[in-house]
1. Taking a ≥ b ≥ c as the square roots of the Cα gyration tensor eigenvalues, with a/c under 1.5 meaning rounded and otherwise prolate when a/b beats b/c, else oblate, which class fits segment 144-248?
2. Quick one: if you stick a label point 7 Å off each Cα along the C-beta vector at Asp272 and Asp248, how many nm between them?
3. Would you pull out the residues with amide H under 5 Å of Phe186's amide H, same chain only if 5 or more places away, H placed 1.01 Å from N?
4. Against the globular-protein guess of 2.2 N^0.38 Å, express the Cα radius of gyration of the chain as a ratio, rounded to two decimals.
5. Explain nothing, just compute: Karplus ³J(HN,Hα) = 6.51 cos²θ - 1.76 cosθ + 1.60, θ = phi - 60°, for every residue of segment 129-139 in order, whole Hz, x for Gly and Pro.
6. Which value, in Å², gives the accessible area per residue of segment 78-191 when a 1.4 Å probe is used on the protein heavy atoms?
7. Given the Cα-Cα distance of Tyr123 and Glu107 and 0.36 nm per residue of separation, how much length would full extension add, in nm?
8. Sort 145-155, 226-236 by the packing proxy (mean of other Cβ within 10 Å over each peptide's residues), most packed first.
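The values are calculated or read from the model by the stated rules, or taken from the named source; none is laboratory data. Note that this is a predicted model, so its numbers are computed, not measured. Cβ atoms come from the backbone with ideal geometry, glycine included; neighbour counts cover every protein chain shown. For accessibility, only protein heavy atoms count, side chains too; no ligands or nucleic acids. Shrake-Rupley method; radii C 1.70, N 1.55, O 1.52, S 1.80 Å.
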Amino acid sequence: MPDQAAHQATEALSTSAVGGASPAPPAVLVQGLWKRFGDHVAVSGVDLMLPAGRFIGLVGPNGAGKTTTLSMVTGLLRPDQGRIEVAGHDVWHDPVEVKSRIGVLPEGLRLFERLSGRELLAYNGRLRGLPGDEVDKRASQLLDVLDLAGAQHKLVVDYSTGMRKKIGLAAALLHNPEVLFLDEPFEGVDPVSAQTIRGVLERYTASGATVAFSSHVMELVESLCDWVAVMAAGRIRAQGPLAEVRGDAPSLQQAFLELVGANGRDAGQSLDWLGGGTR
């Protein structure tokens, strides 16, 4: 059964429709999701409801199951058990329809490195079935906004980490998806590139689209997101509007530590030999 938080969030969406009209489906609905790798349970019974048109953060410590969950939600990894819907369509029963509606920037993105940035976008656009003229127009706009116009004819293999993240984001946005999934999009990115990416994502959600991204940097999530799901040890510990998840805690960081049971842990209690210049 869905956990209480997921049930309440879904119920709140249902009752918010004006005049009793049918509400739009959530961007993502996950029920009873499990994934095991041998004896290791990476995701254990996740229930998750992510509303449409929001900037959503999936947060948790390293190894919490965030990447595994996003991989299953986007159809990159088949779950052992559970149901996943994106924009009202079942990910595994209707994969073509789902993948036409989503953009994905996964962790450890592999790109066609012997193509230039512009060639990569042209290739992706044509794979998506977009007309050539439209692909060229959108590619030019994305390259300009993401500050890649000067490197558009440079091979991707020669791109920096920040440039690779930006060209990957451009490829994910090219077909104007309803829902954008990003796995640690700011990791290893310089401050200038991070600010550029942030501006593009804020404009994208302002238009009514949905961004769901994973991170373990609470300050970043708190400054960007209006909806948060906290994950630890393969389970969802809390989900909902940022203010509700944070509660009375002074920051999302503090609320997160309390939710995952790490608050008050003394990392240096057994390191009495550390410091002071002794050996």
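1. prolate
2. Taking the two extended label points, one gets 3.6 nm.
3. Here nothing satisfies the definition.
4. Working it through for the chain, the quotient is 1.08.
5. Karplus values, whole Hz, x for Gly and Pro: x, 6, x, x, 4, 5, 4, 4, 5, 5, 4.
6. Value for segment 78-191: 50 Å² per residue.
7. Separation in residues times 0.36 nm, less the Cα-Cα distance, equals 3.7 nm.
8. 226-236, 145-155
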